[in-house]
Amino acid sequence: MHFAFSEDQTLLRDTVRDVLSKECTPEVVRRVWTGDNAERAPVWGTLAENGFVGMAASEDAGGMGMSEVDLALVLEEAGYAGLTGPIVETALAGLPLLETLGAGGPHASWIERVAGGEASLALCFEGQLLALHAPLADLLLVARGDALYAVPRADAGLAPQVAVDRATSVATLAYEPQAAHLVAQGPAAQAAIQLAYERAALGNACVLVGLARRMLDMAVAYAKDREQFGKPIGTQQAVQHHLANAAGRIAFAQPVVYRAAWALANRDRGGDETRTEAELAVSTAKIYAEEAGRVAARIALQVHGAIGYTIECDLHFFMKRVWTIAPFYGTSAAHRARIGAHIL
Amino acid sequence: MNLDFTEQENAFRAECRSWLEANVPKHSLPSGDTREGYALHLEWERKLFDAGWSCVSWPKQYGGREASLYEWLIFEEEYYRVQAPSRVTQNGIFLLAPTIFEFGTEAQKERILRPMARGDLSIAQAWSEPNAGSDLASLKSTAKRTEGGWLLTGQKTWSTRGAFSDMAYGLFRTDPSKSRHKGLTYFLFPLTGEGVTVRGVDRLDGDEGFAELFLEDLFVPDENIIGEVDKGWEVAMATTSSERGLSLRSPGRFMATAARLVDLFRRYRETCDPALRDQVVDAWMGAQAYRWYTFKSVTDMLNGKPIGAESSLNKVFWSEMDVRTHETALAILEQGACLDEGSAAADDEGAWIKGFQFALAGPIYAGTNEIQRNIAAQRVLGLPRG
Ligand SMILES: Cc1cc2nc3c(=O)[nH]c(=O)nc-3n(C[C@H](O)[C@H](O)[C@H](O)COP(=O)(O)OP(=O)(O)OC[C@H]3O[C@@H](n4cnc5c(N)ncnc54)[C@H](O)[C@@H]3O)c2cc1C
């Protein structure tokens, strides 16, 4: 047993944190919020140049063959910065899926383009009515039964919608499977699709933890600064306890999410047993991270008072991001049901 | 990161599992918070000690087996899995011992550790006073210098199993010119003999688990001081962080409770409210989360990053989880939830209502959860003091 990230992993996190703190400032997020679609992924180029987008692809495909554990901290930082665009869908879930099922096939040319940051991916699993980031993505990976389709955006029947987080695009899609889009079909395809779903849920959990941390940091800073009754509001016990509660959610969500990343990265070491263990770990991670995000949002807003209830205050970017992405890749109810079906 | 156990850790688990399965009493012992039950629990402690399982992480010279902290957590998981008797000596072996290891003299280690681990010397915790609970530094008990030692005077209260223990540890003011955290000294003192009166107090669940201790010029030799004279607060704080952090409530305990809840739900699923299913899942996840949080804390500790003030968040988590888990069990039992131990129709001999009552104490003892939230806000988040 050894539960810590390696030096390389924390170094990578620090590098990404550094890049994002310079390039993905709240001003940049604000521009995306108010701007048009073309501006929706402003830091993407820098991330791609540094190889962050293609990290999980194999070295042959231009990636670094990195695992869920390597990506966990990177995605947490993406959440913390409020990075816009389909980073989870592209880097962690979609690209390895495309590479597993599409290498050598008619859609293979996409792999290097995605790994190099020229194209991005959105995901649409069975039963999903809305696809997150689809209006921005170049290629949609659409799962139907045991088949995976690679659908260029223009062919997906997208009807862009307006998410409460204006910096995140979503669309409904009306897609009838076409043979030309088929990437793979059968049990192997189904297993790969299932794995992509686990990765998307895990990635979402990482981002949610990052968002929660950001909102807590903002609220703590505000509580130290804002004075009422002649002293900082952060001296008041009611305010302190709110913030301690948010800190507690985050402190317990983090190890759960990291453990899920490890369990998923090492899912095959013990056959079905460890694969099931990984699924339960991912479900727990998604539930804990979503709760941390939602609780941190509620508490940060309460601590900010009315200024938090405006769109002038940066807080709303992070709150609305939570509300927008949290229902994707398995709602908490669905993940609870999955755990329940297994343990009860 | 490697979240699998090593071969050695797995072998350790197998070894404790087989010993426990062969040796744990077939019928559960009467509560260790009663006089009769306490004596039976001490017999069990001796058996544990003689087989080397009482304090697995301690040095061999004091009766341990120098197990790693991970192995200690594994032992705990196995211990609770077979529902072995509760550790009536825990306030000594888990909370006093770390202080003795850190601050005790060699002679104190020799004199205290082994007998304590064998259940031959039981030592209770005596922090609280009638007017010093959360505000422990306001305590009033004093120690006056005398030939070869000190005379202790004052009143301590809520001392768990103090009515059945041989000794207790607590803070006394040795320098009357100082106030609050200064001028206090950490003493070990006897609970029998001249100068001390012990009165058992029945707890919420009916057991005589508490004691009030009345001291009047109780003589204590110098060799019973842990750490330096007038430096007792620093010494005591070392114990409270073990109490909130790792050692008092290891994950194995909550994993076992969650497993019992899962079993209960399976038995009552046809009759109970289906909405309770999600609460059972939450209880299961809570135990898992606590387990992984703890393994991560141990790795951090071994890497030189002690848990520190974050132990306050830890204490809030396990205590609130334990209450919710028991509330869920009572909801599953419906009317049967009211049946106490001794009632023929009670499920599991009334263990859930009994456990529920004790769970309610979790947010109070080891520093109330309000105090823990204060600590987390001020020392983890750096918010200003009021
Ligand atoms: C089952 C059990 C076992 C125990 N075992 C032992 C033992 O072995 N040895 C021992 O010494 N003690 C023991 N205790 C006592 C325990 O340590 C105290 O109960 C605890 O420290 C709280 O003190 P109090 O009960 O005097 O409550 P008080 O300090 O009077 O607090 C009452 C209420 O006021 C709140 N409060 C107080 N101050 C603040 C503040 N600054 N901010 C916010 N809220 C505040 C508290 O949180 C609590 O809700 C035990 C208690 C229990 C329930």
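Buried accessible surface for the B/A pair, both sides summed and rounded to the nearest 100, is 4000 Å² with a 1.4 Å probe. Site pair B:SER138 and A:GLU23 shows an inter-label distance of 5.7 nm when each label is modelled 7 Å from Cα along Cα→Cβ.
Computed extension length for A:GLU227-A:ILE343: 36.8 nm, one decimal, from 0.36 nm per residue of separation with the Cα-Cα distance subtracted. Axis angle, to the nearest 10 degrees, between helix B:351-361 and the longest C-alpha principal axis of chain B: 40 degrees. Overall, the ratio between the Cα radius of gyration of the stretch A:66-212 and 2.2 N^0.38 Å, rounded to two decimals, is 0.98.
Normalised by the number of residues in the stretch A:194-275, the average gap of Cα pairs under 8 Å and 6 or more apart makes the relative contact order 28 percent. I'd like the carbon and sulfur percentage of the solvent accessible area for the stretch B:253-386, probe radius 1.4 Å, heavy atoms only, ligands and nucleic acids excluded. Taking all protein chains in place, the stretch B:253-386 shows 53 percent carbon and sulfur surface. Taken over the alpha carbons of the protein assembly as shown as equal point scatterers, the Debye sum produces base-10 log I(q)/I(0) values at 0.05, 0.08 Å⁻¹ of -0.29, -0.72.
Within the listed set B:ASP166, B:ASP300, B:ASP230, the Gaussian network model of chain B (springs between alpha-carbon atoms below 10 Å) gives the highest mean-square fluctuation for B:ASP300.
Net length available on complete extension from B:LEU302 to B:ALA275 is 5.5 nm, with 0.36 nm assigned per residue and the Cα-Cα distance removed.
When you filter the trypsin sites (Lys or Arg not before Pro) in the stretch B:1-82 for DSSP loop state and at most 13 other Cβ atoms inside 10 Å of their Cβ, you are left with B:LYS26. Could you calculate the contour length gain from B:SER343 to B:ALA39, that is, 0.36 nm times the residue separation minus the distance between their Cα atoms, to one decimal place in nm? Extra length from B:SER343 to B:ALA39 when fully extended: 107.0 nm.
For the stretch B:215-304, GluC sites (Glu not before Pro) are listed when DSSP marks them as loop and at most 11 other Cβ atoms sit within 10 Å of their Cβ; the list is B:GLU270. Buried on complex formation within the stretch A:2-35 (loss of at least 50 square angstrom of accessible surface versus the isolated chain, 1.4 Å probe, ligands and nucleic acids ignored): A:HIS2, A:PHE3.
In straight-distance terms, cross-link reach from B:LYS109 covers every one of the lysines whose alpha-carbon lies under 24 Å from its own, apart from those fewer than eight places away in the same chain; here that gives B:LYS47, B:LYS60, B:LYS231.
Reducing the stretch A:262-292 and the stretch A:214-250 to their Cα centroids gives an inter-centroid distance of 33 Å. Between the alpha-carbon centres of the stretch B:93-145 and the stretch B:190-218 there is a gap of 16 Å.
In this simple spin-label model, placing a label point 7 Å from the Cα along the Cα-to-Cβ direction at both A:THR172 and A:THR276 gives a separation of 3.9 nm. The residues packed around A:ASP268, meaning those with a beta-carbon under 15 Å from its beta-carbon, carry a net charge of -3 if Lys and Arg are +1 and Asp and Glu are -1.
Backbone geometry of the stretch B:374-382 corresponds, through the Karplus equation with coefficients 6.51, -1.76 and 1.60 at θ = phi - 60°, to 3J(HN,Hα) couplings of 4, 4, 4, 5, 7, 9, 8, 8, x Hz, x marking Gly and Pro.
For a straight C-alpha distance cut-off of 21 angstrom, the lysines reachable from A:LYS286 (same-chain residues fewer than eight places away being disregarded) are A:LYS320, B:LYS296.
Using the Karplus relation 6.51 cos²θ - 1.76 cosθ + 1.60 with θ = phi - 60°, the per-residue 3J(HN,Hα) values for the stretch A:277-291 come to 4, 5, 5, 5, 5, 5, 4, 4, 4, 4, 5, 5, 6, 4, 5 Hz, with x marking Gly and Pro.
On a 0 to 90° scale, report how tilted helix B:311-333 is relative to the longest principal axis of chain B, with both axes built from alpha carbons and the result rounded to the nearest 10. Computed tilt is about 40 degrees. Considering only A:PRO232, A:PRO26, A:PRO255, give the residue with the highest GNM mean-square fluctuation for chain A, with springs between Cα atoms whenever their separation is below 10 Å. Taking springs between Cα atoms under 10 Å, the residue moving most is A:PRO232. Taking 7 Å steps out from each Cα toward its Cβ at B:GLU334 and A:SER109 produces label points 6.6 nm apart. Between A:ALA191, A:ALA296, A:ALA115, the Gaussian network model of chain A with springs among Cα atoms under 10 angstrom shows the greatest mean-square fluctuation at A:ALA191. Counting only protein chain heavy atoms and rolling a 1.4 Å probe, the accessible areas of B:HIS181, B:HIS27 rank, largest first, as B:HIS27, B:HIS181. Computed over chain B, the range of Cα coordinates on each principal axis works out to 70, 49, 46 Å, biggest value leading.
The loop-placed GluC sites (Glu not before Pro) in the stretch A:107-210, going by DSSP, include none that has at most 10 neighbouring Cβ atoms within 10 Å of its Cβ.
Straight-line reach from B:LYS315: taking Cα to Cα under 15 Å and skipping same-chain neighbours fewer than 8 places apart, the aspartates and glutamates in range are B:GLU243, B:GLU370. Per-residue ellipticity at 222 nm computed for the protein assembly as shown from its helices equals -16000 deg cm²/dmol, with DSSP H segments shorter than 4 residues left out and the rest contributing -39,500 (n - 2.57).
The values are calculated or read from the model by the stated rules, or taken from the named source; none is laboratory data. Values in this document were obtained by computation on a predicted structure and should not be read as measured data. Backbone-built Cβ (ideal geometry, glycine too); neighbour counts: all protein chains shown. Only protein heavy atoms, including side chains, enter the accessible area calculation; ligands, DNA and RNA are left aside. Shrake-Rupley method; radii C 1.70, N 1.55, O 1.52, S 1.80 Å.
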